[in-house]
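The values are calculated or read from the model by the stated rules, or taken from the named source; none is laboratory data. The structure displayed is predicted, hence computed values, not measured ones. Heads up, the Cβs are rebuilt from the backbone with ideal geometry, glycines too, and the neighbour counts pull from every protein chain shown. Only protein heavy atoms, including side chains, enter the accessible area calculation; ligands, DNA and RNA are left aside. Shrake-Rupley method; radii C 1.70, N 1.55, O 1.52, S 1.80 Å.
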Amino acid sequence: MQNPTQPIARDIVLIGGGHSHVGVLKRFGMQPEAGVRLTVICTDVHTPYSGMLPGYVAGLYSYDEVHIDLARLAVFAGARLYRDEVIGIDRAERKVLCRNRPPVPFDLLSINTGSTPQLAGVPGAEAYATPVKPITRFNDRWLALLARVQQHRQGLLRIAVVGAGAGGVELVLAMQHRLRGELRGLGCNPDLLEFHLLTAGPVILPTHNARVRHKFNQVLAQRAVQVHTDAEVTQVAPGLLNCANGTTLQADEIMWVTQAGGADWLKATGLALDAGGFVVVNDHLQTTTDPAIFAAGDIAALKNHPLEKAGVFAVRMGRPLADNLRRSLQGLPLQAYRPQSRWLALISTGDAYAVASRGGLGFWGAWVWRWKDWIDRRFMRSFSEFAEMPGARQPVASTSAGHGNQLALSSEESLQALSAIAMRCGGCGAKVGSTVLSRALGQLQIVQRDDVLIGLHDPDDAAIVRVPPGKALVHSVDFFRAFVDDPYLFGKVAANHALGDIFAMGGEPQSATAIATVPPGLEAKVEDLLFQMMTGAVEVLNAAGCALVGGHTGEGQELALGFAINGLIDDSLSTVTRKGGMQPGDVLLLTKPIGTGTLFAAHARLAAKGRWIDAALQSMVVSNQHGAQTLRDFGATACTDLTGFGLLGHLVEMTKPSGVDAEIVLSALPLLDGAQDCVAAGIVSSLQSANVRLRRALRNQEAFVNHPRYPLIFDPQTAGGLLASVPPGRVDACVAALRAQGYLHTAVIGRVLAQGDALEPIVLAN
């Protein structure tokens with residue numbers, strides 16, 4: 001993990017989570033480079049291992065067994081993971097351009113995005129064929145095909161795979177094995193399925209030897225896969241493939257595994273590309289255009305060593321890429337990557353059987369599959385089982401240029417770095433410099449409100465806002481340290497969390513004052529950190545119509561952000577939704593799933609799956625604004641937003657002023673994916689122990705203390721949902737309306753009871 005006391009001097013940005021980049025993350029995790037920060041920008045949190053995907057399709061592996069959890073690996077490496085799509089590179093400003101977030105600055109950049117299917121050259125292919133890459137999209141289509149076959153009972157279903165290299169051959173055999181097996185398992189006729197393999201060339205597996213090709217021709221024939229050679233597909237229509245040789249083939253499902261190319265956005269970067277659109281690199285894996293930009297894996301085209309697009313090369317580029325990124329920062333000569341002239345390919349047939357191919361050699365058998373399986377599982381374990389290996393800490397980059405190093409700190413940056421690690425001042429000496437602050441905040445586009453008379457961009461000591469006649473102010477404040485390494489996403493969550501109290505009470509957000517803590521470091525790094533975080537926050541505030549009017553920024557060891565929010569409400573208080581209005585017979589609703597506390601505790605311990613964390617964050621950035629209005633429209637008698645006190649704590653806060661008791665149905669609680677797994681593993685938030693003290697409010701605690709969901713009623717929430725009581729006659733319509741607005745996990749979780757004689761107000765039920 002990165003040393004939090006070490007100021008960041010240089011940023012390495014990795015575009016893509018391919019086989020080479022996971023190797024870079026692993027090596028930097030094992031031996032961090034002091035003052036160096038890694039950031040991964042990727043559309044997915046799971047990286048598929050291409051060598052095991054055919055086994056996944058064949059049903060021999062689960063989804064998790066064939067995917068590297070990029071989120072966990074990033075935590076191990078001390079790297080930031082940004083989930084977004086890259087759309088360009090601004091080489092002049094040294095920034096990566098993303099579709100949904102601010103540009104990401106870099107000092108060194110590496111590209112490992114794999115290849116992109118080139119379907120545009122074949123009319124109809126984009127509309128009616130499914131490319132095998134990107135894997136996430138293919139997997140969605142594969143699961144849909146699997147479900148379709150499981151329901152298939154009559155008529156012929158034709159499945160075609162276009163492309164007969166190793167990938168196409170493995171895919172068609174894996175699908176044939178799995179899908180025919182599914183039908184047999186259901187007692188149906190497997191001959192209802194027909195498989196076709198098409199290639200534009202005269203042979204299958206053109207880069208492999210004749211012995212291997214002969215073996216696969218035998219296997220394909222035995223498995224009744226119809227092979228079409230010299231059949232270049234020239235047009236795709238619904239259910240139809242047209243080939244250059246005049247062949248017309250009916251196909252109900254079309255998978256595309258032909259040669260792919262580089263992503264379109266690379267064309268505008270000015271980087272040298274080959275005829276396929278791949279980035280041209282030298283022996284050091286540096287682009288021939290820009291020494292600060294590297295590329296590896298399928299996206300790279302080695303100028304001096306033309307290579308087949310094979311996963312083995314991407315895997316083996318990981319070590320030299322990591323070493324050269326490190327050496328470039330240190331001003332040391334780079335080392336050449338020398339690809340092997342021959343390599344071993346283990347090609348599966350989908351049925352726990354594999355063929356080995358190397359040069360002119362070829363051999364096969366079930367034992368080859370077991371060998372391949374052992375190699376693949378060992379590789380995957382290396383990215384899922386992390387030992388604590390702190391490694392040697394390197395000094396901050398020297399001010400000396402050394403071996404022509406272009407990334408050495410300037411004299412000004414060196415002074416900033418020394419200042420950042422020196423004993424820090426307190427009081428106003430701990431504020432962030434005014435120029436850094438003004439540059440970062442000056443780029444923000446703040447929503448304009450007529451009732452903000454003096455705001456963020458006015459040179460005054462405080463903001464001035466008008467309270468319209470007939471209105472009263474609603475005040476709330478929230479502040480917490482970062483729990484995720486993406487400052488833009490953290491800013492969104494922090495602002496959403498702070499607005500929750502205003503929405504819950506029925507207020508209209510008017511203005512916000514921020515308070516932020518940022519780690520000391522080079523001015524450019526601090527400025528970008530502030531800009532990224534506040535951009536995310538302002539997007540949320542603007543969407544709520546809430547103007548950022550000012551704030552305070554200071555230094556601290558950890559990133560933190562909070563807001564004091566002012567809202568407006570009718571001064572008659574007739575529209576206020578308070579905690580104390582619950583009535584016996586009301587139904588309890590919860591608009592979001594719970595579990596953020598245990599999930600992020602597990603995330604910090606490398607014990608949570610990346611998709612769990614991703615789903616939790618997606619829930620946390622969903623605003624409660626429309627949900628609160630809907631609850632009021634359906635006559636909610638009381639409402640609060642779930643935060644640090646957890647479900648039980650907030651419900652107790654509602655029952656006391658309402659003079660009622662309440663029942664929680666544990667089985668009805670909506671949970672975030674993985675939350676129950678994490679508490680079952682004994683992983684809870686540091687605030688859990690304080691919340692558990694509220695168990696004295698449970699009337700029948702002993703009967704449910706061993707229930708698997710019991711710990712989650714104490715779990716502290718960040719940017720949680722709304723807990724409300726609704727009259728029973730309106731609850732069904734209310735739930736339907738909330739789900740239609742995007743609160744998909746809205747659930748009835750209990751009911752309000754008349755106050756009894758017992759001291760404990762809360763009853764649990766199953």
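Points worth noting:
- Per-region count, segment 297-335, residues in a loop (DSSP other than H, G, I, E, B) and in contact with a Leu (Cβ under 9 Å, 6 or more places away or on another chain): 2
- Some residue of segment 648-659 being closer than 30 Å to Arg80 by Cα and not in a helix (DSSP H, G or I): no
- Residues of segment 367-387 that turn out to be assigned to a helix (DSSP H, G or I) and open to solvent by 40 Å² or more (accessible area, probe 1.4 Å), as a count: 8
- Condition check for Leu738: touching a residue at least 24 places away in the same chain (Cβ under 8 Å), aliphatic (A, V, I, L, M) and surrounded by 19 or more Cβ atoms within 10 Å (Cβ to Cβ): yes
- In segment 160-167 there is at least one residue matching the filter, namely being out of contact with any His (no Cβ under 6 Å at 6 or more places or on another chain), within 30 Å of Arg27 (Cβ to Cβ) and touching a residue at least 12 places away in the same chain (Cβ under 8 Å).
- Check on Leu108, farther than 30 Å from Glu170 by Cα, more than 19 Å from the chain's Cα centre (by Cα) and in contact (Cβ under 8 Å) with a residue 60 or more places away in the chain: yes
- Considering segment 180-207, the residues that are of a type in the set (A, V, I, L, M) and over 30 Å from Leu307 (Cβ atoms) include one that is surrounded by the fewest Cβ atoms within 10 Å (Cβ to Cβ), namely Leu186.
- Matching option when the condition is on the phi < 0 side of the Ramachandran plot, surrounded by fewer than 22 Cβ atoms within 10 Å (Cβ to Cβ) and within 38 Å of the chain's Cα centre (by Cα), among Ala147, Ala164, Ala174, Ala210: Ala147
- Per this entry, Arg751 is counted among residues that are of a type in the set (Lys, Arg), within 19 Å of Lys579 (Cβ to Cβ) and at pLDDT 95 or above.
- Qualifying residue in segment 71-83 (condition: modelled with pLDDT of 95 or more, over 15 Å from Leu25 (Cα atoms) and open to solvent by less than 10 Å² (accessible area, probe 1.4 Å)): no
- Among the residues of segment 711-735, the one identified as closer than 26 Å to Lys492 by Cβ and open to solvent by 30 Å² or more (accessible area, probe 1.4 Å) is Thr718.
- Residue match in segment 400-420 (condition: out of contact with any Pro (no Cβ under 9 Å at 6 or more places or on another chain), at pLDDT 85 or above, open to solvent by less than 70 Å² (accessible area, probe 1.4 Å) and farther than 25 Å from Ala164 by Cα): no
- Search result, residues across segment 316-370 that are among the hydroxyl-bearing types (Ser, Thr, Tyr), out of contact with any Phe, Trp or Tyr (no Cβ under 7 Å at 6 or more places or on another chain) and within 15 Å of Leu205 (Cβ to Cβ): Thr349, Ser357
A quick yes/no check of all residues on (1) within 23 Å of Gly359 (Cα to Cα); (2) in contact with a strand residue (DSSP E or B) (Cβ under 8 Å, 6 or more places away or on another chain):
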{"position": "His214", "(1), (2)": "yes, no"}
{"position": "Asn217", "(1), (2)": "yes, yes"}
{"position": "Val225", "(1), (2)": "no, yes"}
{"position": "Glu232", "(1), (2)": "no, yes"}
{"position": "Pro238", "(1), (2)": "no, no"}
{"position": "Asn242", "(1), (2)": "no, yes"}
{"position": "Leu249", "(1), (2)": "no, yes"}
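- When residues of segment 85-96 are limited to those that are part of a strand (DSSP E or B) and touching a residue at least 12 places away in the same chain (Cβ under 8 Å), the one most open to solvent (accessible area, probe 1.4 Å): Ile87
- Test: residue in segment 742-761 that is open to solvent by 50 Å² or more (accessible area, probe 1.4 Å), in contact with a strand residue (DSSP E or B) (Cβ under 8 Å, 6 or more places away or on another chain), over 19 Å from Leu647 (Cα atoms) and polar (S, T, N, Q): yes
- Residue in segment 684-694 that is over 27 Å from Lys609 (Cβ atoms) and either modelled with pLDDT of 95 or more or buried (at least 16 other Cβ atoms within 10 Å of the Cβ) (or both) present: yes
- Being among the acidic types (Asp, Glu), open to solvent by less than 40 Å² (accessible area, probe 1.4 Å) and more than 28 Å from Val763 (Cα to Cα) is a description that applies to Asp614.
- Elements of the type strands (runs of 3 or more DSSP E) sitting completely within segment 9-66 and holding at least 3 residues that are modelled with pLDDT of 95 or more and within 21 Å of Trp612 (Cα to Cα): these cover 36-42.
- Test: residue in segment 729-745 that is more than 18 Å from Ala504 (Cβ to Cβ), of a type in the set (A, V, I, L, M) and in a loop (DSSP other than H, G, I, E, B): yes
- Contact map, segment 132-156: residues that are over 13 Å from Leu53 (Cβ atoms) paired with residues that are open to solvent by 50 Å² or more (accessible area, probe 1.4 Å), Cβ distance under 7 Å, separation 6+ or inter-chain. Pairs shown: Gln150/Leu186.
- The single residue among Leu499, Leu489 that is open to solvent by less than 10 Å² (accessible area, probe 1.4 Å) and assigned to a helix (DSSP H, G or I) turns out to be Leu499.
- Selected residue (only one of Ala516, Ala494, Ala463 is open to solvent by 40 Å² or more (accessible area, probe 1.4 Å) and either basic (Lys, Arg) or in contact with a Leu (Cβ under 8 Å, 6 or more places away or on another chain) (or both)): Ala463
- Strands (runs of 3 or more DSSP E) within segment 512-629 that include 2 or more residues under 30 Å from Val45 (Cα atoms): 560-570
- Residue satisfying condition, being in contact (Cβ under 8 Å) with a residue 40 or more places away in the chain and surrounded by 24 or more Cβ atoms within 10 Å (Cβ to Cβ), within set Thr596, Thr577: Thr596
- Flag for Thr640 being assigned to a strand (DSSP E or B), under 14 Å from Lys579 (Cα atoms), open to solvent by less than 10 Å² (accessible area, probe 1.4 Å) and not small (Gly, Ala, Ser): yes
- Taking segment 533-564 as the range and being over 15 Å from Val452 (Cβ atoms), among the polar types (S, T, N, Q) and either touching a Gly at 6+ places or on another chain (Cβ under 7 Å) or surrounded by fewer than 19 Cβ atoms within 10 Å (Cβ to Cβ) (or both) as the test, the residues that pass are Thr535, Gln557.
- Here the condition is being over 31 Å from the mean Cα position of the chain (by Cα), closer than 29 Å to Leu617 by Cβ and polar (S, T, N, Q); of Ser725, Ser658, it holds for Ser725 alone.
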